[in-house]
Each structure stands twice: as structure tokens, then as C-alpha cells.
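The values are calculated or read from the model by the stated rules, or taken from the named source; none is laboratory data. Keep in mind that this is a model prediction, so the values were computed, not measured. All Cβ positions, glycine included, derive from the backbone under ideal geometry; neighbour counts span all protein chains shown. Side chains are part of the model used for accessible areas, which takes the heavy atoms of the whole protein and leaves out ligands, DNA and RNA. Shrake-Rupley method; radii C 1.70, N 1.55, O 1.52, S 1.80 Å.
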Amino acid sequence: MIKDSTSMDSSIVDQDECRSNALCREHKSPPLIWWANILGIVETTGFITPYLLHPIQGFHAYFPTVGAASFNPESAIRDLAGKVILVTGGNNGLGRESILQLAKHNPSKIYLTSRTQSKGEEAVKSIRESLGQSSTDLQNLSLDLASFSSIRSAAESVRSSTERLDILICNAGVMALPLGKTERGHEVQFGTNHIGHHLLTKLLLPTLEKTAALPDSDVRVISISSVANNRAPPMETMLDNEKLSATGTWTRYGASKAANILFAAELARRYPAIKSVSVHPGIIKSDLWSPINQSNALLRLGLVLIGPLAFQTIPTGAHNALWAAAGAKKEELQNGAYYTPVGRVDGENSGNKYAKDVEAGKTLWEWTEGEIAKAGL
């Protein structure tokens with residue numbers, strides 16, 4: 001539920017609604033606006049500092065397509081006949097593009113989730129028109145990742161309408177929002193990007209495991225993370241709602257992206273029959289940047305100047321997730337790994353620090369399970 005835009009304990013703003021929603025703007029006097037803009041720029045330097053001693057790795061993180069292996073979804077994605085797929089946040093951006101490309105390879109069914117029912121329906125109609133003749137059953141599914149009740153309802157709809165689930169792409173997310181809370185009181189970015197997807201996966205695990213037990217199965221869970229994982233604060237802050245809420249918006253976003261990597265790695269450790277990896281799509285020109293464009297004039301100018309060099313198109317940005325979900329052979333995937341585009345293990349083959357941190361993965365998993373248990377789930 002979205003509350004009055006002047007309330008700072010507001011809930012969630014969809015990435016496809018941020019352009020017009022007042023919750024994406026912070027109301028400050030002009031001097032405070034400029035000071036906030038400067039602080040925002042200072043905070044974003046945290047995306048660069050982790051790579052000062054590893055410039056090659058940093059170059060690949062921010063310009064991943066340079067020197068990367070080419071990937072053509074049309075030819076690289078295998079036949080998906082009989083497969084059932086679910087993509088969160090499928091009504092626009094990377095989610096919509098992923099569904100469009102996967103649907104070209106004959107899966108039995110694809111669930112497209114959207115927080116806004118009408119926008120999900122529009123996306124389904126648009127994708128069907130783009131596909132032309134297709135036997136794939138494309139279904140719109142309402143899902144608000146900031147609401148446990150919505151997540152439970154969506155999971156129940158899936159479980160009651162399919163006997164299998166082969167690919168789950170945890171794509172939906174919010175970025176750089178003003179301070180806000182989910183329905184359960186968690187910081188909005190961490191609650192949506194991590195906790196919501198953890199709960200959804202938890203509720204779909206019986207179906208995923210059942211599918212993994214079938215002959216010749218190939219079950220995959222893909223978590224969309226980001227190079228912003230480098231902005232994450234210490235675990236102590238990540239797991240303390242009050243401390244996390246006291247940090248800047250990019251730090252809060254970074255926490256959620258680090259959590260995506262930790263979650264994917266821990267899921268792989270706990271359920272090895274399921275291939276679980278996290279991916280960085282690259283820096284994409286999408287609606288996720290809308291809150292920044294509306295609230296920070298200096299960063300907006302910076303995006304105009306460097307955007308043409310750093311930004312990738314949405315179709316290109318979807319390549320890494322598509323590779324992990326259906327392009328790579330099962331034996332090619334390193335279970336629990338974090339990949340930068342396309343199919344490159346982060347960390348110059350040594351692995352991302354969060355993907356390798358067994359203790360942190362266990363701690364986050366148990367903490368998240370505890371938060372979910374408080375809601376009786």
C-alpha cells in the first residue's frame with residue numbers, strides 16, 4: 001500500500017512508476033537540495049574506490065561488453081520445450097526483454113510478474129504481438145515484493161497452476177529511492193530487492209525441488225545483482241534496520257545487491273540440485289534511474305555526460321541473465337557464483353567476496369528466515 005507522499009514511512013515505488021510518483025522526490029529548500037546533490041555524488045564514489053587496486057576488474061565491471069564474449073540469444077538459447085519459467089518485474093526493462101527472448105525458444109509457460117496489474121497485462125499483450133505465432137502460455141501474475149501477503153498469494157497461484165518450475169529469474173527491483181519502508185517495516189530497497197525475493201523463492205522451493213528431481217532436469221534460479229554490491233555496509237549494519245536506514249540511498253541499495261549475491265550463493269550451498277547464481281547486467285539505461293534524474297541535478301548532469309560511454313541498451317543488458325538462465329550449459333555454471341557480462345566470474349576468476357563468504361551467507365539466510373517467521377511464514 002502506498003501512503004501519502006509526504007510520509008517518510010511510505011512503502012514502495014515501482015521502478016516503472018518512479019517517473020511520475022511523488023515518492024521519488026525529496027522536498028527540500030534550494031540550499032539543502034544542492035547540499036544533498038553534493039553528498040549524493042560523494043556517496044557514489046564508493047562505486048569506484050573498491051577497484052582502485054584492481055583497475056582491470058573495475059573496467060570489466062563498468063564496461064563489461066568490451067572484450068567480452070559475444071552472446072546472441074537467438075542462437076545461444078537452447079530449446080526450452082516443456083519448461084516453465086517465472087520472471088519477476090517482467091512488465092518492462094530487463095525483465096520484459098528476458099521474457100521476450102526466452103519465449104522465442106518454445107517454453108511451455110512463462111509467468112510475468114508485475115506489481116501493477118494493468119501494466120502487466122499491457123506487457124503480456126505487447127510481448128505476444130512481438131512474438132506473433134507462439135505456443136508459449138504467457139501469464140500475468142500480480143506481485144508486490146514489498147508485501148508478504150502479495151508474495152504468498154503469487155506463490156500460491158504458481159503452485160496451483162503448474163507442476164514444475166524450471167527457471168526463476170529474480171529480476172524485479174528498486175534503486176536509489178528516498179528512505180521508505182515495506183509493509184513489514186524493512187528498509188524499502190533491502191526489503192524489496194532481497195527479503196521479498198527470498199520469501200518468494202522459499203515458497204516456490206517445493207516446486208523447484210520437485211522439478212529438480214525429474215530425469216534430465218536443469219533447474220536454475222538467477223538473482224539480478226549489481227556492481228553496486230561494492231557500496232554495501234558491514235553485515236552488522238545490513239541486518240539492523242535502524243542502522244541501515246541511517247545510511248545514504250546508494251549504501252542501502254548496495255546492501256540489497258550484496259544480499260542478492262549472498263542469497264544466491266547460500267541457496268546453492270543448501271540446495272545443490274538447483275543451479276543458483278547471481279549476475280551483474282551491466283549499467284543499463286532503464287527506468288531505475290528515474291528517481292536520480294528527478295532528485296539530483298548534479299548526478300543527472302553527470303549521467304548525461306558519461307551515459308553514452310557507460311550505459312548499455314536493455315537488450316544487451318539482458319544478455320548475462322539470459323546466458324545464465326538458458327544459454328550456458330548446466331555444467332558450465334559454477335553454482336553460487338556471481339557473473340559479470342557475459343558469463344565472466346567476478347573477481348578475476350577468484351570469485352566475488354560475497355559469493356565466497358560462507359559465514360555471511362549463513363548469517364543473512366538465518367536472519368532473513370527469522371524476519372519471515374515473524375510474519376508466520
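Select from the stretch 138-158 the residues that are open to solvent by less than 60 Å² (accessible area, probe 1.4 Å) and more than 18 Å from residue 195 (Cβ to Cβ) and list them in ascending order.
Within the stretch 138-158, 138, 139, 140, 141, 142, 157, 158 qualify.
Restricting the search to the stretch 202-238, which residues are touching a Lys or Arg at 6+ places or on another chain (Cβ under 6 Å) and of a type outside the set (S, T, N, Q)?
Matches in the stretch 202-238: 218, 220, 228.
Only one of 193, 140 is within 24 Å of residue 345 (Cα to Cα), touching a Gly at 6+ places or on another chain (Cβ under 9 Å) and polar (S, T, N, Q); which? Walk me through it before giving the result.
Details: 140 fails: within 24 Å of residue 345 (Cα to Cα).
Going through 193, 140 in turn, the sole match is 193.
Go through the stretch 198-275 and tell me which helices (runs of 4 or more DSSP H), entirely inside it, have 3 or more residues that are crowded, with 19+ Cβ neighbours inside 10 Å. Outline the logic, then answer.
Values: elements: 235-238, 241-245, 249-270.
Correct list: 249-270.
Kindly provide the set of residues from the stretch 85-111 that are out of contact with any Cys (no Cβ under 6 Å at 6 or more places or on another chain) and of a type in the set (Val, Ile, Thr), ordered by number. First the steps, then the outcome.
Our first condition is that a residue be out of contact with any Cys (no Cβ under 6 Å at 6 or more places or on another chain); within the stretch 85-111, this holds for 85-87, 89-111.
Of everything in the stretch 85-111, those that are out of contact with any Cys (no Cβ under 6 Å at 6 or more places or on another chain) and of a type in the set (Val, Ile, Thr) turn out to be 85, 87, 99, 110.
Inspect the stretch 65-72 for any residue being in contact with a helix residue (DSSP H, G or I) (Cβ under 6 Å, 6 or more places away or on another chain), modelled with pLDDT under 95, open to solvent by less than 50 Å² (accessible area, probe 1.4 Å) and more than 30 Å from residue 233 (Cα to Cα) and give the result as yes or no. Break it down into steps so the answer makes sense when it comes.
First, pick out the residues of the stretch 65-72 that are in contact with a helix residue (DSSP H, G or I) (Cβ under 6 Å, 6 or more places away or on another chain): 71.
Applying the additional criterion that residues be modelled with pLDDT under 95 yields 71.
Those still in the list that are open to solvent by less than 50 Å² (accessible area, probe 1.4 Å) too: 71.
Now narrow it down to the ones that are more than 30 Å from residue 233 (Cα to Cα): 71.
For the stretch 65-72, residues in contact with a helix residue (DSSP H, G or I) (Cβ under 6 Å, 6 or more places away or on another chain), modelled with pLDDT under 95, open to solvent by less than 50 Å² (accessible area, probe 1.4 Å) and more than 30 Å from residue 233 (Cα to Cα): present.
Which one is surrounded by the fewest Cβ atoms within 10 Å (Cβ to Cβ) among residues in the stretch 74-94 that are under 17 Å from residue 204 (Cβ atoms) and not aliphatic (A, V, I, L, M)?
Step one: list which residues in the stretch 74-94 are under 17 Å from residue 204 (Cβ atoms), which gives 83-90.
Within this subset, residues satisfying the condition of being not aliphatic (A, V, I, L, M) are 83, 88-90.
Numbers: 83: 23, 88: 25, 89: 26, 90: 31.
So, considering only residues that are under 17 Å from residue 204 (Cβ atoms) and not aliphatic (A, V, I, L, M), the one surrounded by the fewest Cβ atoms within 10 Å (Cβ to Cβ) is 83.
Just to be sure I understand, how many residues within the stretch 228-267 are within 13 Å of the chain's Cα centre (by Cα) and aromatic (Phe, Trp, Tyr)?
Of the residues in that region, 2 qualify.
Could you identify the single residue in 147, 134 that is of a type in the set (Ser, Thr, Tyr) and over 17 Å from the mean Cα position of the chain (by Cα)?
Numbers: 147 fails: over 17 Å from the mean Cα position of the chain (by Cα).
134 is the lone residue from the list that is of a type in the set (Ser, Thr, Tyr) and over 17 Å from the mean Cα position of the chain (by Cα).
Determine whether residue 167 is among the β-branched types (Val, Ile, Thr) and either under 27 Å from residue 377 (Cα atoms) or open to solvent by 40 Å² or more (accessible area, probe 1.4 Å) (or both). Working first, answer last.
Values: among the β-branched types (Val, Ile, Thr): yes; either under 27 Å from residue 377 (Cα atoms) or open to solvent by 40 Å² or more (accessible area, probe 1.4 Å) (or both): yes.
When the stated conditions are applied, residue 167 passes them.
Matching residues to (1) of a type in the set (Gly, Ala, Ser); (2) touching an Asp or Glu at 6+ places or on another chain (Cβ under 9 Å); (3) under 16 Å from residue 192 (Cα atoms):
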position: 214; (1), (2), (3): no, no, no
position: 217; (1), (2), (3): yes, yes, no
position: 220; (1), (2), (3): no, yes, no
position: 226; (1), (2), (3): yes, no, yes
position: 234; (1), (2), (3): no, no, no
position: 242; (1), (2), (3): no, no, no
position: 268; (1), (2), (3): yes, no, no
position: 275; (1), (2), (3): no, yes, no
position: 279; (1), (2), (3): no, no, no
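Checking residue 70 against (1) more than 21 Å from residue 284 (Cβ to Cβ); (2) more than 18 Å from the chain's Cα centre (by Cα), which test does it fail?
Unmet condition: (1).
Select from the stretch 137-162 the residues that are touching a residue at least 60 places away in the same chain (Cβ under 8 Å) and not in a loop (DSSP other than H, G, I, E, B) and list them in ascending order.
Correct list: 148, 152, 158.
Taking only pairs six or more apart or across chains, which ones have beta-carbon atoms under 7 Å, a first residue in the stretch 356-367 that is more than 16 Å from residue 335 (Cβ to Cβ) and open to solvent by 60 Å² or more (accessible area, probe 1.4 Å), and a second residue that is assigned to a helix (DSSP H, G or I) and among the β-branched types (Val, Ile, Thr)?
Correct list of pairs: empty, since none qualify.
Any residue that is part of a helix (DSSP H, G or I), at pLDDT 95 or above and in contact with a strand residue (DSSP E or B) (Cβ under 6 Å, 6 or more places away or on another chain) - is there at least one of those in the stretch 163-175? Full working, then the answer.
Quick first cut of the stretch 163-175, residues part of a helix (DSSP H, G or I) only: none.
No, the conditions are met nowhere in the stretch 163-175.
Test residue 100 against the criterion of being open to solvent by 10 Å² or more (accessible area, probe 1.4 Å), over 11 Å from residue 171 (Cα atoms) and in contact with a helix residue (DSSP H, G or I) (Cβ under 8 Å, 6 or more places away or on another chain), and give yes or no. Give the steps one after another, and end with the answer.
Values: open to solvent by 10 Å² or more (accessible area, probe 1.4 Å): yes; over 11 Å from residue 171 (Cα atoms): yes; in contact with a helix residue (DSSP H, G or I) (Cβ under 8 Å, 6 or more places away or on another chain): yes.
Against the criterion (open to solvent by 10 Å² or more (accessible area, probe 1.4 Å), over 11 Å from residue 171 (Cα atoms) and in contact with a helix residue (DSSP H, G or I) (Cβ under 8 Å, 6 or more places away or on another chain)), residue 100 qualifies.
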